[in-house]
Each structure stands twice: as C-alpha cells, then as structure tokens.
Ligand code: PMP
Ligand code: GLN
C-alpha cells in the first residue's frame, strides 16, 4: 500500500491503507481469530435477509431516488421518534447514504471549506481524519483519557478558534466504548450554540449501550437545527456489508449533504433499502435482545482479557473493548498486534492509529467482541499463553 504514495496526489497522501483492512488481511493470511475489524460473525435476522431477496425478486434493481426510497425515509423518521422523541420530515430532513461512511464524507465535504477547523475527540474513527483532509479542513483534537475516557472541558474550549466550523462527535464511541453522558453532551451543545457551530454526530452504535443511555446531541436545547445526525443499519441489524446509512438534519443541511452525495454515489443499494425499511420497524424486543446478547459478549471478553493480565477499560457501549498492554511487560501496541497472530492466532487493532498524541495511544489495543461466545472463549484461551 505504501506504493500508492508514488501516484497519490490527493490530500490523502501518506495515509495508506485503513488499519481495519490491513488487520483483516493479516487475520486471513494467518488463519487467526479476527477480533480486529468490527463485524459480527453471525448475520442479522433471517426475515430481514429474506426481505432483501424479495425486493430483488420484486424488481427493485434499478437506481432508487437519490434521497432514498420513501418507505425507508419514513421508517428512519419513525425510529427517531420512537427511541428519542425527535421529529424529522421524511421528505426534507432525511437522506439515505451508502453506510455511515458516505454520510460522514458527504457531510464534511458539504459543510467544510478549505482552512476550516473541525473539532473532534481522540482517539477518532479513522475515516474522520481522512474526510476532514479531503474537505481541505484541519482537525483539532481533544483527548479522551483512560480509564473513564473523560475529557477536560477547558481543552474542549481551547480547541475552538475563529476558524472552527463544526464539532464531530461519535457516541457511543469507537474505539473506547465510551457513551457520552448528559453533562458532557450539554457542555458540547453549549459550546456549539455559543460559537454558532454545526455538529455532526456519528451514532452508528446507538443500539449498543450497556450502561447508561444513548442521548442524541440533536435532542439537546439549541441543537436540533444545527446537528447532522448520522447512523447506519450495519451495526444495529448485523448486516455491515449492506452499507445502508442515513443522515437526519434540518432541510438546509440535508440539501447541502445531498448535493455531495449525488456526486459520490448518486444513490444507494435499492433492495437493501427495502429490507432495512422493514427492519427499523421491528419490535422493541428485537433491539433489547440485540443489546443483551452483546452485553454478555462484552462481559465474557472483558473478564477473559483481565484474566490474561491486561488492564481492561470496560466499555459502556459499542462492540469494542480497549486494553492497556503494559501489565504484560510491553508498551508498543503496534508491535504487539503485529506479533499476536503468530504468538496466539488472534488479531486486534493498535489504538495508536486513532491518535494524534502518539504517546497516549501507544500502549492501547482494541478487541472486537461481536463474535460468537465460543470464538471469544477460544481467543481468550489462546491469549493466556501471553502470561507465561
Ligand atoms: N462510524 C463508526 C464510529 C464506525 O465504527 C463505523 C464502522 N462501521 C462507521 C462509522 C461506518 O459505518 P458504515 O459501515 O455504515 O459505513
Ligand atoms: N467500523 C469498523 C471498525 O471500527 C470497521 C469498518 C471499516 O473497515 N471501515 O472496526
């Protein structure tokens, strides 16, 4: 992938391959248990898969409307109302995207100008840095620090400058598993209102909260009109390969994001939109069973990693857990993750790739627990070899 830099003339020069693809390739090459890239090893509900097949058979195979099919936009609006009491007009305030990835890219490209600054928290999801760069903007990061991944309010205030255009927030947060609480969100909202900033919120793990509750930033006073709320069906319904995401925002913001979306993908996978339109309407019992299942998996992996000897920062949400590897006598997470397949047949992600502050991220490693219980148990058994 380093070869790409010989030809790459874009603002992504020097960025290389995403860590998730690299580590999944390593898992395949070494036939390791892949606790790196976050994808479940069991698919979502069969009835939802059948709905996609039925949509193909019913002939939903040509370009759908650029905004997304009306049925899905209505389901997204219903979902926001049911879970958060937020009202969005399906015709003017919702846009279907090719995963949250496209929603993030299109939003940043639409809303940032050359030289604008975007304030976000580190560790940050990898596509944020790339998309901020593609938009010609600059990131200013506020560090979330273990063990609770809180942040210094003064650091957030200090990150705001006259060039700040928007705050980019991810809650529940990848890779830490932090769920921002009401007081933290109120502070972010207060700062956005005070400085007249926009907010982009990435809420793809909204239904994976084990402790506390997910509070959309848009539900706070003064935020509904200035927040672009992003989510995706990939995590919630365990169909990460379908790439159905969405944006909910005020009409002017959606119109701006849509302009960019038109030229990125124009429209998004028609049959999958039909299937997700139905999935979003599933009973509350689907959502709670999904969360309960992942909570058990979190507990199993966290206990196992602590047994291995890591310092474990128990996540309140998402399907990732971060550990500090230093109790095992090593401090370089990248070297550790590159050796782990050979030593134990397990793949994990070095969190340092999500940090500007390299020293902060160096000893931290992320494991995904969206895998079958027996797979997680086997990964732990294998890693117990690290203790000797
Ligand atoms: N944001 C975060 C925080 C993620 O972890 C991911 C990975 N799924 C995405 C966005 C991308 O979501 P999608 O697969 O829907 O593009
Ligand atoms: N969101 C997934 C993760 O954090 C990866 C998705 C991707 O590979 N882009 O592991």
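Every number here is computed from the coordinates shown, using simple stated rules; none is lab data. Please read all numbers here as calculations on a predicted model, not as lab measurements. All Cβ positions, glycine included, derive from the backbone under ideal geometry; neighbour counts span all protein chains shown.
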What is the extension gain from residue 145 to residue 263, computed as 0.36 nm multiplied by their sequence separation minus the C-alpha to C-alpha distance, in nm to one decimal?
38.7 nm
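Relative to the compact-globule scaling 2.2 N^0.38 Å, provide the ratio for the alpha-carbon radius of gyration of the range 286-383.
Working: Rg = 13.4 Å, N = 98, 2.2 N^0.38 = 12.6 Å.
Here the Cα radius of gyration is 1.07 times the empirical estimate.
If eta is 1.567 mPa s and T is 4 °C, what Stokes-Einstein diffusion coefficient results for the range 34-173, Kirkwood Rh from Cα pairs, in µm²/s? Numbers along the way, then the final one.
Values: Rh = 18.2 Å.
The calculation lands on 71 µm²/s.
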Using 0.36 nm per residue of separation minus the Cα-Cα distance, give me the extension gain between residue 9 and residue 213 in nm, one decimal.
69.1 nm
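With N residues in the range 84-123, what two-decimal value do you get for its Cα radius of gyration over 2.2 N^0.38 Å?
That ratio works out to 1.49.
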Hull-based mean projected area of the chain, where the convex hull spans the alpha carbons, in square nanometres
18.5 nm²
So, in Å, what gap is there between the alpha-carbon centers of the range 227-285 and the range 180-203?
23 Å
Kirkwood Rh over alpha-carbon pairs of the range 1-117 plugged into Stokes-Einstein at 25 °C, 0.890 mPa s gives a D in µm²/s of 132 µm²/s
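Give, in nm to one decimal, the length gained when the segment between residue 384 and residue 289 is fully stretched (0.36 nm per residue of separation minus the Cα-Cα distance).
31.2 nm
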Zero-based 10 Å bins, Cα pair distances in the range 204-255, whole percents:
23, 42, 31, 3
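With both partners inside the chain, how many of the DSSP beta bridges are antiparallel, as a percent to the nearest 5? Before the final figure, lay out each step's value.
Details: 21 of 42 bridges.
Roughly 50 percent of the DSSP beta bridges within the chain come out antiparallel.
For a Förster distance of 30 Å, can you work out the FRET efficiency between the beta-carbons of residue 54 and residue 255, rounded to the nearest 0.05?
Numbers: r = 32 Å, r/R0 = 1.08.
With R0 = 30 Å, the Cβ-Cβ based efficiency is 0.40.
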Calculated P(r) tail over 18 Å for the range 226-350, as whole % of Cα pairs:
68 percent
Show me 11-18, 49-56, 245-252 ranked by packing, highest mean number of other Cβ atoms within 10 Å first.
245-252, 49-56, 11-18
Which order, highest average first, do 131-144, 22-35, 200-213 follow once you tally other Cβ atoms within 10 Å for each residue and take the mean per peptide?
200-213, 131-144, 22-35
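Please give the calculated 222 nm ellipticity per residue for the chain, where each DSSP H segment of at least 4 residues contributes -39500 (n - 2.57) and the sum is spread over every residue; nearest 500 deg cm²/dmol? Could you put the intermediate results ahead of the total?
Numbers: 15 runs with 165 residues, N = 388.
After summing the helix terms and dividing by residue count, I get -13000 deg cm²/dmol.
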Each label point is 7 Å from the Cα along the Cα-to-Cβ direction; what then is the distance between the points at residue 83 and residue 182, in nm?
1.9 nm
The range 137-176 versus the range 57-98: alpha-carbon centroid distance in Å:
30 Å
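Quick one: compute the contact order of the range 142-296, relative version, from alpha carbon pairs under 8 angstrom and 6+ residues apart, as a percent.
On the way: 199 pairs, mean separation 26.3, N = 155.
In percent, rounded to a whole number, it is 17.
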